[in-house]
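Q: One structure follows; several queries about it will come next.
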Amino acid sequence: MSAATAAAPLAPARRAATVRPVTFGRLVASEWIKLRSLRSTWWSLGVAAAFLVAFAVLQTWGTSTDPLNFGSGVSQSGASFVTGGWFLVQLVVCVLGALLITGEYGTGQIRSTLSAEPRRIPVLAAKLVVLFGTVFAAMTVAAAIGWAGASPWFDTIGVSIDLTDPSDLRVLLGTPLYLATVAALAFAFGALLRNSAAAIATVLGLLLVVENVFSLIPGRFIELAGPFLPSRAGSLVLQDDSSLDAHVMWSEMSDVAALGPWQGWAVLAAWVAVLLTVAAVLLRRRDA
């Protein structure tokens, strides 16, 4: 044996690669890693939380300084003051929901994802679980911060929040539930259309434009279909009792369906379920 051969280091022993099966739990974990590693996720959730908190504080403070309301009480509940910014926040979470799926189609990363899990449907479900859970958790925290920020003016305007009151609890938890569900609605449109601009324009047009146009167009069919539009129905879950009573009175006067808060949210969830079912069928039939 030569000196050069003797001095050569021994080659390290090769270890057998460990191959683990793809499970739904691992899919969820991988989607969570992808979601949290994107700057757009943190920007979107940060802006959404800031809107909710800022609106809670500013609305409560502004009401306390208004001579018309000062010391006379208001019709809204304290929970409604805390969650009043939901209308703006839904715009942000819809963008996040659409980009979660359309971004992968834009970069081509969806091909790698579907190569790891060729069955495809679990991929769609894992993305939905991560999106829904993230938005719900973030908006719950934002609502709690908004409550803390707005509470100094509660006594002045004559409102309070009682977590033993079913109405207050429903509003506080119904707001993040609604926002997470509309994010899922945007995700469903993104899975169908596979284009960021198209998905965002479609879901925002449905939530903001179509519903307002329906209220302006006369016709019995329009009146009967109006209560089953996604935002009009789903937002009932985050309205306090006084707002729900006014909704029931208006529905009875108009002779249209008077949905309860959880019935309304179920209608919104049904929109998501139908769109996702169509998206899942197309995902299995079309190339990525």
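Here, each number is a calculation from the coordinates, and none is a lab measurement. Quick caveat, the model's predicted, so the values are computed rather than measured. Reconstructed Cβ throughout: ideal geometry from the backbone, glycine too, with neighbour counts over all protein chains shown.
Q: Over what distance in Å are the Cα centres of region 239-288 and region 204-229 separated?
A: Result: 13 Å between the Cα centres.
Q: Which helices of the chain meet both criteria: a Cα extent of 24 Å or more along the helical axis and a mean Kyte-Doolittle score no lower than -1.0, with helices taken as whole DSSP H segments? Working shown, then result.
A: Values: long enough: 39-65 (38 Å, 0.81); 86-107 (31 Å, 1.62); 121-150 (43 Å, 1.87); 166-193 (39 Å, 1.42); 261-285 (37 Å, 1.32).
Helices meeting the span and hydropathy rule in the chain are 39-65, 86-107, 121-150, 166-193, 261-285.
Q: Would you tally the net charge around Ser215, using a Cβ to Cβ cut-off of less than 15 Å, leaving Ser215 out, and scoring K and R as +1, D and E as -1? Please list the in-between numbers first.
A: Values: positive: Arg220, Arg232; negative: Glu211, Glu223.
My count for the surroundings of Ser215 gives 0.
Q: Looking at region 86-173, which trypsin sites (Lys or Arg not before Pro) are DSSP coil and have at most 11 other C-beta atoms within 10 Å of their C-beta?
A: Values: sites: Arg111, Arg119, Arg120, Lys127, Arg170; in loops: Arg119, Arg120.
Passing sites in region 86-173 are Arg119.
Q: Could you work out the local net charge near Leu35, counting Lys and Arg as +1, Asp and Glu as -1, over the other residues with Cβ closer than 13 Å to its Cβ? Intermediate results must be reported in sequence, preceding the final value.
A: Values: positive: Lys34, Arg36, Arg39, Lys127; negative: Glu31, Glu104.
Net charge around Leu35: +2.
Q: While we're here: Taking K and R as +1 and D and E as -1, what net charge do the other residues with C-beta under 13 Å from the C-beta of Pro166 add up to? Each step should come with its number before you reach the end.
A: Values: positive: Arg170; negative: Asp162, Asp165, Asp168, Asp240, Asp241.
Residues near Pro166 contribute -4 overall.
Q: Cα convex hull of region 182-274: how many Å³ per residue?
A: On the way: hull volume 8.8 nm³, N = 93.
Spread over its residues, the Cα hull of region 182-274 gives 95 Å³ apiece.
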